[in-house]
Structure formats: C-alpha cells, structure tokens
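Q: I'd like to ask some things about the structure below.
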There are 4 protein chains.
Amino acid sequence: MTQSIAFIGMGAMGWRMAAHLPKAFSDVRVWNRTFSKAEAHAAEFGTKATSIEQAVQADIIFSCLPTSSEVEAIISQYPPKNGSIWIDCTSGEPSSAKKVAEQLAANNVAFLDAPVSGQTIGAERGTLTVMVGGNKAALERARSAMEPFSSLIEHVGDSGSGFAVKAVNNMLLAVNLWAVAEGFTALKAHGVNIDSALTCINASSGRSLASEVTFPQRVLNREFPLTFALSLLAKDTGIAIDLAHTAKIPAPLLALTQSLYRAASSSLPDDSDFSASVKLLESWTGIELKSN
Amino acid sequence: MTQSIAFIGMGAMGWRMAAHLPKAFSDVRVWNRTFSKAEAHAAEFGTKATSIEQAVQADIIFSCLPTSSEVEAIISQYPPKNGSIWIDCTSGEPSSAKKVAEQLAANNVAFLDAPVSGQTIGAERGTLTVMVGGNKAALERARSAMEPFSSLIEHVGDSGSGFAVKAVNNMLLAVNLWAVAEGFTALKAHGVNIDSALTCINASSGRSLASEVTFPQRVLNREFPLTFALSLLAKDTGIAIDLAHTAKIPAPLLALTQSLYRAASSSLPDDSDFSASVKLLESWTGIELKSN
Amino acid sequence: MTQSIAFIGMGAMGWRMAAHLPKAFSDVRVWNRTFSKAEAHAAEFGTKATSIEQAVQADIIFSCLPTSSEVEAIISQYPPKNGSIWIDCTSGEPSSAKKVAEQLAANNVAFLDAPVSGQTIGAERGTLTVMVGGNKAALERARSAMEPFSSLIEHVGDSGSGFAVKAVNNMLLAVNLWAVAEGFTALKAHGVNIDSALTCINASSGRSLASEVTFPQRVLNREFPLTFALSLLAKDTGIAIDLAHTAKIPAPLLALTQSLYRAASSSLPDDSDFSASVKLLESWTGIELKSN
Amino acid sequence: MTQSIAFIGMGAMGWRMAAHLPKAFSDVRVWNRTFSKAEAHAAEFGTKATSIEQAVQADIIFSCLPTSSEVEAIISQYPPKNGSIWIDCTSGEPSSAKKVAEQLAANNVAFLDAPVSGQTIGAERGTLTVMVGGNKAALERARSAMEPFSSLIEHVGDSGSGFAVKAVNNMLLAVNLWAVAEGFTALKAHGVNIDSALTCINASSGRSLASEVTFPQRVLNREFPLTFALSLLAKDTGIAIDLAHTAKIPAPLLALTQSLYRAASSSLPDDSDFSASVKLLESWTGIELKSN
C-alpha cells in the first residue's frame, strides 16, 4: 500500500529535506504560505504543490516552521486526518509538543517532535540527524519517510524530548562558540598567533564543533554567512534554559550564555548569522577575531 | 655532532615522553626528585639516570613539572649551560615564561614554553600536540628532539604564548564539560534518554571533545579515572582568566567557569579526576549523570 | 455601613497581620487549614474563627499563603461573594494574579495582588510595606483594611505588578547578600578584620540592607534564625527571573544569583533561613563568615 | 610641637580634603602636577603651594592620586623624610601597599593605605569614612590629621587592608547598582510603575545605597553627573576580583560583575560617570531606565 506524504514549510531546511522524498515516495505534497515557493519546489523536484487542506490529508505530514506557534496554528485550523502521523521538524518547544501530542492522540493521530541537526548542507546531502520524541511505534511506522534526508534517526524519549535535545544541542553550540571567542580574544590581546593557536586547540582537548567549524569558517574569515539566524539560536537557548527552570535546576553557565545571546541578538541586525554573536564581545574589547 | 638531551620530571607525562627519546638520541639523561623513578626509567627505556647537575649540562633540557614555581626553582639553583635550549613542557604561567626566557637569554640559553596536549595516552603513543612559545629559530634547532613524542609541533608566538594557548585549551575543555553536565542534567530531569541524546548531540553542532570523549568515558560510566587532576585543571583555568584579567578584557563565561572549577576543586577529594567536577553540580540537583 | 473582613492563612505573617484588624473592624473572620491556629488567634486577638465558606462571604478577604497555587486552589473551590475584594498578600506569581483577576472580575470581584515586605517584625509592629497591583479604585476602597498593619501602601501597576515588585525586591536582597558574602570571604582570606570592614562599608557606598542587617544579625553571629525560608527566597528568585525571561530580556546577574540560590536551597536542610545560603559559599572556600 | 602636613594631588577629592586641614594645622603644603591648581588651593584655603621636594619633607604626607602607580612613582623619585608618616588616600592596590610599606619601613617611614568613601559631597562636608591598613600605632599618631575631613576612621588590618576594603566596597556598589538596573528593566518591561516600585523597594529588604541614592539621583533622572568615573570603578572591581583570585577563592557573582563593568567601561565614552554603566544594559534591551 502506498503512503502519501506532505511537507509543510519550504524554508531553507524544508525545501532541501522535501527534495529527497520523491526518491522513495510517489505522492509527495508540498505547501508553503508563499505558495509560489511550493510551486517552484514541485517544478524542480517532482513534488506536488497542493492546498493546505490536501496536505493535511496525507498519511504522513512533515512540518518545518520557525517556531511552535506556527505549527500549533496550522494544526488547530487544519486538523490532520484520522490515523495519520504528524512529524514536526521545527526547533520547537517541549511543552508545546506535549500539549499537541495529547490533543492529536484523541483523534488517533500520532505527533512526533523530530527536530533535525546538520544545517542546510546536511539537508542538501540527506545526512541530517533526527532526534525524535513521542510514541516509539509511530516512529517505526514513519521511519522510512525520514530516511531519505537523514543518516541518523534516534528515539530520545516521550513527547517533547526531541525538542529538548535539540535545544540543549544548540545551547551547547552557543556556549562552546562564545567560550572560544573569549579565549581567543585573550590570546590575541597577548600577541599570540591565533591561527596557530586554533590549530593546536583543534588537535587538543578543548576542541568542539564551534572551534573546528564555526570559528574558522564563519568568524575568523569575517564572512558570517547567514544560514542560521542569531535570533533563532537566541530563542533555542531560551528553550534550553526553560528546561532547567521548570525542573528547578541550577544551570549557571547555560543561564549566563542565554543572557549573552539575548543581548547579542537584540544588539545586532535582524539578519545576523548566529556566529555574528561574537561581535557583541568585540564591541566590548576592541579586538577583532580575524585571521592573521 | 651528537646532541645530548635531558628530561627533568618523571611524572605520568614526562615518563612516557622521555621513553621515546632513545629512539632518536644516544645520550638521554633523566632526573627526578624521587630518584628511584629516574633509575627505573633508565632500566626500562635505556636512558641514563643522572644527577641534576649533569642533566642541566645537556644541549637540550626538557622539564615537565607540576607548576612554573618548580621549574623556576630548579633553573635558579642549577643554571643550564651556555648555548643550550630549555624546553619546558609544564602547563605553566605565561608571565613566568617571559621572565625566565629573559633571564636565560642573558646566558645565551633559549627558553621555550612548550606545553603538550594529548594526555597520557598521547604521550604513550608519541602523538602529542606541542604548542611552542619563544624564539622561532630555537624551536627549529630543537624540533627534532620533540618529534619522537609528538605529531604536531606548532609555534604560536613569543615567550609565554605556548603556556597561554595551553591554558585556553584547558579552559575550553572545562567550559565544554560543565555545559554538557548542565544540559544533560536538564534533559534527565525531563525524562529524556540521555544516552540517545548524547548520540544525537555527538552527531550535531553541539559536540565537543568533552561530549564525545570525556562525558561518556569518564562521567556516564561513573569511572572518573584519575589521569588529569581536577586541582591542576582548576589551576589552568586560573591561568587563562589571568590572561583576560591582565589584558583588562571582559570574559564573563570563562570567569564563571573558573569559579565553578575552583569550587569543585576545593569541595571534592584531592585525588579527583577533572571529570569529577560534575559531582559538584550533582550535589546541587540530586540528579546523577549516569548511563541508563 | 460596617465591612466584614476575613483573613485566610495564619502563618508567621498572616497571624501577626490579622492581629491588627480588630482595632479597626468589628467583624474579622480568620481561617486556617490547621483550624486550631485560627481558634488560637480568635482567643488571643478577638477575631472569629470561621469556616472557609463563611470567610469567603466577607466584604474583604485577605489571603497569605505559601504560593499562588494554594490561593488558586481555594478561590476555585470557594468563590468569594459578588462585589467583594480579594487581597492576596502571598509572595505570588504575576501570571497567576493576571489570570485570577480576570476570572474574578467576571463575578464582579476585584483581586489585588498585595504582597508585603517587612518580615515578622514589621507585621508585629504594623509597619509593613504593601505593594499593590490591580484596579486602583478597588485599592482605594480597600485601603482602610490594610492600614492597620502597614506604614506604606503603594499602587505599583496592573494585576501582577505587586507580585513582580515583591519578587524583584527579594531578588535584590538575594544578590546583595551573596555579593557581601563573596566580598567578605575575600577580605577574610587576606587577613582583614571583617567587623571593622563591615563598619566602613556600612558607612559607605557599598551598603545595603543585606550588609546592614542580614549579614551582622544573621550571618556573622552564626545564628541564622529561621524567619524567612531559603526555599521561599529561591522560589522568589525564580519568579523574578521569569519576568526577565518572558520579556526576553538579558539579566545575567539575576540569572546567576537564581542559580546560586537554587543550588543553596537544594544543598542545605529544608528548614534553613535564607541567610544560610552563605553556607554553600563557605563549603567552597573553607572560610567561615564569623565575627572576630 | 607643631606638625607639618602635605597633601599631594588636588583632584576632585584631594582638593576638598586638603581644604579642611588649615583649621587644625598651621603648616599645610599642597602640591599638584598641574601646579596652578595647588596655587589656586593656597589662595582659596590658606594652604601653601610648595615644590614636591618640600612636600615630602613634611611630618605627615597625604596622597590622593588616580592609581597606585602614580603613588609609587612619586615615592621612588621623592622619598619622604625619615620618621614621617605617608597616608595614601588613593583607591589603590593592596599588593602595592604591602610593597611600599615594607620599602618605606626600612627608612623609618610608616605607610598607611587609607582610602576614603563618601564621594565629593563627603569630602566637602568633612564626613568621609577612612578605612586604614597598616601599623596601628602610626594610625594613632596620624589620626588628628585625618579628623578634619572624616567622621569615621577605622583600622581594618595590616598594610593593604584599607585598599582591600575600599575595593570590596566599590565592588558591592557595582553589584548592587547593576542588579537594580536588571530588576527594574524587567519591571518596566511588564508595565510596572517603576517610581512606585522604587518607593516600595527602598522601604523593603532589597534596598541598598545604589537603590536609594544612585538609581534615583543619577539614573532615573537621566543626569549621570560625572563625579566618579566609570573607568575608575571598573579598575576597582578589578582590584576586588584580584583579592579573590590571589586567594584562589571562587567569587562567581563578583567576577561576572567585573566583566560587566569592564564591558561597560570600554563601550561607553571615557568621561562617563559610573552610573552610566546601566546604558550598556539599555543597549541590550531597548528599555530606558527613566522616571515615568
């Protein structure tokens, strides 16, 4: 029996993720608020641009939107059909996932929070990591629909767990990057060759994706290409700190990091890449983090 | 013309580093305060256990001691011979390196601060990273003496720069590990499967050596094997923060991290591994960071 | 026309506040879950111990309970009579005040969030500060009922504002006290006479209620008398940080303070006074904050 | 026997402090690098503008300069006469006081670190607080020379203790002010009347000199009058954090505060009053801390 698939949200991630689906499925419906993007996707990748009403009648519905609010708004206005599986790849809020999953379960719809990691390059190559919260049996039924765009699909717990892991992942990226920026500012202030220093640290115990990839490829070359908005990372750090807060757990390092990214996000232009957060630090020190 | 080499300090690192030298040099002298360790090294690796007076007459003298104070004490009491090169592999203080390098230069001795990264396993395998501060020509003259135990030898700047890079590296390890601990505590508090979460994060942008190696191999398995003392990491974070402080640079994230490791170091037993720092956080939350 | 007054909650604060009411009103009803406390109050101060059903039929109803949850539970089970004014002196949550005020307004009941400051001694003397959020006209109608126990009654804004100001006040107490503790630990570590130092600082620009009252009267004398539970202050810092968080405002100093009090609250015995928070710091330093 | 007094440094504080001395002493010498200020002081207050060589021949020599470096420079170039007492009212560094005191003791000169608190208004009125480190007997011999400008003279410990207490005092001012700014930003974001809120808090446990004086008289009225430079307060927070650092004591709240003032100091114009530090926070939030 053939499954119909829908993908809601043709943003930088959704566009690339949905592009892999026609390899495995014949009925792939795409929808986007600015509908011309859905039509362009259909023209380029052989998907079908449909109305939102048709999209939510698919067996499996993906959504990939800026925040949980947009997802909740669509689901409440256009409820998915009985028996379907809704897979939300948004970097959303755990509490929202719990609420929506419970509401949809009443209509025999499974809701999986399934945010992805790997950025646009991973979406392009189909090598994303998918961290999935919600019913495990539903994940198994839907796994084949995620495989075209991912190289790791991991069940991490009940509803909301996927969003929680994604938020913590992004928080760690935020911490690691800011720490690199502070450390290298101190090194530069002392006349150390920071390119050589980075070579050493990336061969040592202080390394992180932030030091190996983000810092050289976005900061030191002063390019700050916009692929992941600073405002979205600031939002994600807020979701992570909410986890600590609702559990009444002290998380001093994460809380400070969240304040720093909030400050950076509101101080810098709206279209800043997350890596541009270091510019807030630079404004305090007068030291530019740039290759020699 | 044959060079004579000496290695001062047969600790966990020095013992293994010096073991590689006889492959490349015929006159390798070793010395240790507890002299029986030097004799054991000679017996096992074909080095020569000599007096400290003979050690400092070598062409190239390595030192690998707990802190810069021990190095300064030996150099002032037993000055190296004219024309030699002193390579200090201690995780020392940049200000000490500057002072000692200037003093020794007056006697035509080059002093290189050359701390290593890679822990005991890297020393064993001869794959350490050496970050070198000081005169570049002296480094080139001494490079062949470092090659037996290292896979990367990088000149990072003037005297003190090597120590500075090492301190920042260790600070980044400290930040990254503590952040992982806070993040996973929050996840566990929400019932997330933390082993699966770690799999996801280690395939994603939040990963670091702390999340890939330290957390699973020392913390989640509750082993905390003592290979790098918490008190030494706390000291290193102090050196890193001194860099920011003397340059009058704000470094809020590093400063907070330093306070947390100071607190951990004075709260936990003296023989704690650096990874045991997470136990301080656990004492605040009642949540144990342990594999499922 | 005579007003009837009720007071719900005979805790350390409520007991003393209600004791002033019979001076100005003839019908003062008191209720407490452990009813014998209400009866004891009636016997001692000439109030009337009534059922909760009778209490909520008063013209003006005070509540003073541990948290907003208890207040919400009572109001939903025992709705106040039409036309009455409910004055909640709990250190509650702004979001709860907004919700309850809206619900009660539908039944023509005014809800004022009116937390008090001044501790048990201020309640005893009738010199509390009352910070009031909600309808200003309702406050004026109810002012005479608050006057017996207060020397300052201030309208600070719409519903929730009173709770917000109280939470920020308590957060500032928390910040100021912890900062004093860190500063005096550093002074003591350097051999400074901390009693003389306190005399100087309390005559200087660094002074605060924490340094003038809390530190000498609770900490330096090692008495830590339980009059305001650490767990409640930790809760209040959580309410304050929620204000920053929901407004997406960076508040690094308050966020760190909140983490420290969370850590202190979960590390120390349940019946600890808020001033005992300094013991967490002492456990990190081995330095006791005690008069010479 | 009459004592001769000298006062070195006719800045905003020194000018006013020295003005009180002729009431009690007949031989009062004043010196300033820009000598015309010394002459103006002599003309206005009946002191004598002398050369620096004559100044350091006085029985008691006061200095009040920007930092310890200036004091050390003068003392090394113009050593005070044998048997004199040097009273340094600079907000200086404890380690400098220890060093200078030891050096001068060899020439039978007592050095007291005696910083003052009370700002220009306290200097004007002669009501400063003097916190004195060093030899207690020397303080007693010199006490009458300090009494004209102070209402509290307190011995706080050995050499350096006075500077340490002053640094901690100023750090506490810095912490308390920044915390007020964060708290009131959160309140304003929620629509609370911040003038009324301040009235409440200043009658409650969260109050401090920062909330009672600095915030209303410098910030909320948007005047930020320059009487104590932000750069000097940033320096003082550095001295305070050095105390914690050299004692290897964790001081997370003070360390964060220091970073914030460093950032503020380097982000804001050079002639900013310390109270203008809140503008850094305002740049992150878009919320102006201004009376209604």
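Q: Are any of the residues in the stretch B:151-160 of a type outside the set (F, W, Y), part of a helix (DSSP H, G or I) and free of Cβ contacts under 8 Å to residues at least 60 places away in the same chain? Let's see the steps before the verdict.
A: Within the stretch B:151-160, the subset of a type outside the set (F, W, Y) is B:151-160.
If we keep only those that are part of a helix (DSSP H, G or I) too, we end up with none.
No, that holds for no residue.
Q: Can you tell me which residue within the stretch D:85-117, out of those that are surrounded by fewer than 24 Cβ atoms within 10 Å (Cβ to Cβ) and polar (S, T, N, Q), is nearest to C:A197 (Cα to Cα)?
A: D:S95
Q: Scan the stretch C:246-273 for residues that are free of Cβ contacts under 8 Å to residues at least 40 places away in the same chain and surrounded by 21 or more Cβ atoms within 10 Å (Cβ to Cβ) and jot them down.
A: The answer is C:I249, C:P250, C:A251, C:P252, C:A255, C:L256, C:S259, C:R262, C:A263, C:A264, C:S265.
Q: Collect the residues in the stretch A:274-285 that are crowded, with 19+ Cβ neighbours inside 10 Å and within 13 Å of another protein chain (Cβ to nearest Cβ), keeping them in residue-number order. Give the steps one after another, and end with the answer.
A: We begin by selecting, within the stretch A:274-285, every residue crowded, with 19+ Cβ neighbours inside 10 Å; these are A:274-281, A:284-285.
A:F274, A:S275, A:S277, A:V278, A:K279, A:L280, A:L281, A:W284, A:T285, listed by residue number.
Q: Test B:E44 against the stated conditions and say whether it is surrounded by fewer than 16 Cβ atoms within 10 Å (Cβ to Cβ), among the acidic types (D, E) and at pLDDT 95 or above.
A: Working: surrounded by fewer than 16 Cβ atoms within 10 Å (Cβ to Cβ): yes; among the acidic types (D, E): yes; at pLDDT 95 or above: yes.
Here the answer is yes, as B:E44 does meet what is asked.
Q: Next up: Of the conditions (1) surrounded by 22 or more Cβ atoms within 10 Å (Cβ to Cβ); (2) among the small types (G, A, S); (3) over 29 Å from A:Q217 (Cβ atoms), A:A137 clears all except one; give me its number.
A: Looking at each condition in turn, A:A137 falls short on (1).
Q: Look at D:S69 and say whether it is buried (at least 21 other Cβ atoms within 10 Å of the Cβ), modelled with pLDDT of 95 or more and not acidic (D, E).
A: Values: buried (at least 21 other Cβ atoms within 10 Å of the Cβ): no; modelled with pLDDT of 95 or more: yes; not acidic (D, E): yes.
Against the criterion (buried (at least 21 other Cβ atoms within 10 Å of the Cβ), modelled with pLDDT of 95 or more and not acidic (D, E)), D:S69 does not qualify.
Q: Collect the residues in the stretch B:225-245 that are free of Cβ contacts under 8 Å to residues at least 60 places away in the same chain, within 10 Å of another protein chain (Cβ to nearest Cβ) and either open to solvent by less than 10 Å² (accessible area, probe 1.4 Å) or touching a Pro at 6+ places or on another chain (Cβ under 8 Å) (or both), keeping them in residue-number order.
A: Within the stretch B:225-245, B:A234, B:G238, B:A244 meet the criteria.
Q: Something else about it: Against the conditions (1) out of contact with any Ser or Thr (no Cβ under 8 Å at 6 or more places or on another chain); (2) polar (S, T, N, Q); (3) more than 11 Å from chain C (Cβ to nearest Cβ); (4) crowded, with 24+ Cβ neighbours inside 10 Å, where does D:S291 fall short? Just the number, please.
A: (4)
Q: Kindly check whether there is at least one residue in the stretch B:153-162 that is among the hydroxyl-bearing types (S, T, Y) and under 11 Å from the mean Cα position of the chain (by Cα).
A: So far as the stretch B:153-162 goes, no, none of its residues is among the hydroxyl-bearing types (S, T, Y) and under 11 Å from the mean Cα position of the chain (by Cα).
Q: Still on this model: Scan the stretch D:161-199 for residues that are more than 7 Å from every other protein chain (Cβ to nearest Cβ) and open to solvent by less than 10 Å² (accessible area, probe 1.4 Å) and report the count. So that I can check it myself, show each step before the final result.
A: If we filter the stretch D:161-199 for residues that are more than 7 Å from every other protein chain (Cβ to nearest Cβ), which is where we start, we get D:162-163, D:166-167, D:174, D:177, D:181, D:184, D:188, D:194-195, D:198.
Now drop any that are not open to solvent by less than 10 Å² (accessible area, probe 1.4 Å), which leaves D:162-163, D:167, D:174, D:177, D:181, D:184, D:194.
Counting residues in the stretch D:161-199 that are more than 7 Å from every other protein chain (Cβ to nearest Cβ) and open to solvent by less than 10 Å² (accessible area, probe 1.4 Å) gives 8.
Q: So, A:V56, is that one under 23 Å from A:T129 (Cα atoms) and outside the structural domain of A:F228 (by TED's automatic domain parsing) or not?
A: no
Q: Against the definition (on the phi > 0 side of the Ramachandran plot and not assigned by TED's automatic domain parsing to the domain that holds C:C64), how does C:G191 come out, yes or no? Walk me through it before giving the result.
A: On the way: on the phi > 0 side of the Ramachandran plot: yes; not assigned by TED's automatic domain parsing to the domain that holds C:C64: yes.
Yes.
Q: Please determine whether any residue of the stretch D:184-197 is in contact with a Ser or Thr (Cβ under 6 Å, 6 or more places away or on another chain), of a type in the set (V, I, T) and touching a residue at least 24 places away in the same chain (Cβ under 8 Å).
A: Residues of the stretch D:184-197 that are in contact with a Ser or Thr (Cβ under 6 Å, 6 or more places away or on another chain), as a first pass: D:185, D:192, D:195.
Next, only the ones that are of a type in the set (V, I, T) stay: D:185, D:192.
Retained after the next criterion (residues that are touching a residue at least 24 places away in the same chain (Cβ under 8 Å)): D:185.
Yes: the stretch D:184-197 contains one or more residues that are in contact with a Ser or Thr (Cβ under 6 Å, 6 or more places away or on another chain), of a type in the set (V, I, T) and touching a residue at least 24 places away in the same chain (Cβ under 8 Å).
Q: Pick from the stretch B:47-71 the residues that are small (G, A, S) and under 14 Å from the mean Cα position of the chain (by Cα): which of them is farthest from B:F149 (Cα to Cα)? Don't jump to the end; show me each part of the working.
A: Pass one, the stretch B:47-71, residues small (G, A, S): B:49, B:51, B:55, B:58, B:63, B:68-69.
Remaining after also requiring under 14 Å from the mean Cα position of the chain (by Cα): B:63, B:68.
On the way: B:S63: 14, B:S68: 22 Å.
Top of the filtered list is B:S68.
Q: Would you check which residues across the stretch B:203-219 are open to solvent by 10 Å² or more (accessible area, probe 1.4 Å), under 13 Å from A:N176 (Cβ atoms) and more than 7 Å from chain A (Cβ to nearest Cβ) and list them? Walk me through how you get there before you give the answer.
A: Within the stretch B:203-219, the first condition is being open to solvent by 10 Å² or more (accessible area, probe 1.4 Å), and the residues that meet it are B:203, B:205, B:207, B:209, B:212-213, B:216-218.
Then drop every residue that is not under 13 Å from A:N176 (Cβ atoms), which leaves B:205, B:207, B:209, B:212.
Answer for the stretch B:203-219, where residues must be open to solvent by 10 Å² or more (accessible area, probe 1.4 Å), under 13 Å from A:N176 (Cβ atoms) and more than 7 Å from chain A (Cβ to nearest Cβ): just B:E212.
Q: Kindly check whether there is at least one residue in the stretch A:137-154 that is of a type outside the set (A, V, I, L, M, F, W, C), touching a Phe, Trp or Tyr at 6+ places or on another chain (Cβ under 9 Å) and more than 21 Å from A:V30 (Cα to Cα).
A: No, every residue in the stretch A:137-154 fails to be of a type outside the set (A, V, I, L, M, F, W, C), touching a Phe, Trp or Tyr at 6+ places or on another chain (Cβ under 9 Å) and more than 21 Å from A:V30 (Cα to Cα).
Q: For the stretch A:104-115, does any single residue satisfy the condition of being of a type outside the set (G, A, S), within 13 Å of chain B (Cβ to nearest Cβ) and within 16 Å of the chain's Cα centre (by Cα)? Reasoning before the result, please.
A: First, pick out the residues of the stretch A:104-115 that are of a type outside the set (G, A, S): A:104, A:107-109, A:111-113, A:115.
Still in the running and within 13 Å of chain B (Cβ to nearest Cβ): A:113, A:115.
Those left that are additionally within 16 Å of the chain's Cα centre (by Cα): A:113, A:115.
Within the stretch A:104-115, one or more residues are of a type outside the set (G, A, S), within 13 Å of chain B (Cβ to nearest Cβ) and within 16 Å of the chain's Cα centre (by Cα).
Q: Of the conditions (1) modelled with pLDDT of 95 or more; (2) in contact with a strand residue (DSSP E or B) (Cβ under 8 Å, 6 or more places away or on another chain), A:G118 fails just one. Which one is it?
A: With (1) modelled with pLDDT of 95 or more; (2) in contact with a strand residue (DSSP E or B) (Cβ under 8 Å, 6 or more places away or on another chain) applied to A:G118, the lone miss is (1).
Q: Exactly one of these conditions fails for B:R143: (1) under 21 Å from the mean Cα position of the chain (by Cα); (2) within 19 Å of B:T2 (Cβ to Cβ); (3) in contact (Cβ under 8 Å) with a residue 12 or more places away in the chain. Give me its number.
A: (3)
The values are calculated or read from the model by the stated rules, or taken from the named source; none is laboratory data. No experiment lies behind these values; they were computed from the predicted model shown. A quick note on method: Cβ atoms are made from the backbone with ideal geometry, for glycine too, and the neighbour counts reach across all protein chains shown. Areas reflect the complete protein model, heavy atoms only, side chains present, ligands, DNA and RNA absent. Shrake-Rupley method; radii C 1.70, N 1.55, O 1.52, S 1.80 Å.
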